[in-house]
Amino acid sequence: DDWARALLGFGWLRHLRAADTGIARANSRALIEEWIRLQERRHPTAWRIDVLSRRIMSWLSHAPMILTDADLHFYRRFLRSLTKQVRFLRRRIEDAPDGIIRLHALIALTMASLCMAGQTGHLRVTLRRLMEELDRQILPDGGHISRNPQVLVELLLDLLPLRQVLSNRNIAPPQAMVSAIDRMMP
């Protein structure tokens, strides 16, 4: 199960991005193309909220590497699949278990709202829900309600890029996000 979650969450794309070669970009596209082709079988692990959220964040974060030198056919299939995944997550967000899984889902949806055409209409609601969850889940001492320090590291690794995306889009990061990050950093 752990292996399937890691594989289907596409977090390993960061290693191909670090290689920064044409072959790494081609391999990333080939693996994504294969996943898109096979997703119709709906592997149950691939569509779990935690795995789906990680995959959306991974694809969005590494899109410049993935799409460099991509042909139009791949580009369209990639965006169509990503849009389908975001829509599915929007429909399932209410089923997200409390805790880090819900936060990751809201971060993924916020990133999608910021990065994808046709998603900006969701930004205000998604960002508000994310801020409410951060206020609720990040305690005054900076710890997560689970008291698991690994959760804090994972959360910071997702929130810091999100804060940067907001800044790049000339949107001031909400005070709740800034405050939560400041409390978590020590």
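At a glance:
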{"quantity": "Helical mean residue ellipticity (222 nm; -39500 (n - 2.57) per DSSP H run of 4+; nearest 500) of the chain", "calculated": "-22500 deg cm²/dmol"}
{"quantity": "Tail weight of P(r) past 17 Å, computed on alpha-carbon pairs of the stretch 97-168, percent", "calculated": "41 percent"}
{"quantity": "Per-residue SASA entry for Asp69, accessible area with 1.4 Å probe, Å² rounded to 10", "calculated": "120 Å²"}
{"quantity": "Summed residue charge, Cβ within 14 Å of Ala26's Cβ, Lys/Arg positive, Asp/Glu negative", "calculated": "-2"}
{"quantity": "Degrees separating the helix 123-137 axis from the principal Cα axis of the chain, which is the longest one", "calculated": "50 degrees"}
{"quantity": "Calculated over the chain: convex hull of Cα atoms, volume per residue (Å³)", "calculated": "125 Å³"}
{"quantity": "Estimated translational D of the stretch 61-118 in µm²/s (Stokes, Kirkwood radius over Cα pairs; 10 °C; 1.306 mPa s)", "calculated": "126 µm²/s"}
{"quantity": "Size-normalised alpha-carbon gyration radius of the stretch 7-78, reference 2.2 N^0.38 Å", "calculated": "1.06"}
{"quantity": "Angle in degrees between helix 22-38 and the longest Cα principal axis of the chain, rounded to the nearest 10", "calculated": "90 degrees"}
{"quantity": "Percentage relative contact order, the chain, counting C-alpha pairs under 8 Å, at least six apart", "calculated": "18 percent"}
{"quantity": "Where trypsin sites (Lys or Arg not before Pro) fall in DSSP loop in the stretch 81-186, at most 14 other Cβ within 10 Å", "calculated": "Arg147, Arg169"}
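The values are calculated or read from the model by the stated rules, or taken from the named source; none is laboratory data. This one's a predicted model, so the numbers in the text were calculated from it and none came from an experiment. Virtual Cβ from ideal backbone geometry, glycine too; neighbours counted across all protein chains shown. The protein model used for the area step is the full one, side chains on, heavy atoms only, and it has no ligands, DNA or RNA in it. Shrake-Rupley method; radii C 1.70, N 1.55, O 1.52, S 1.80 Å.
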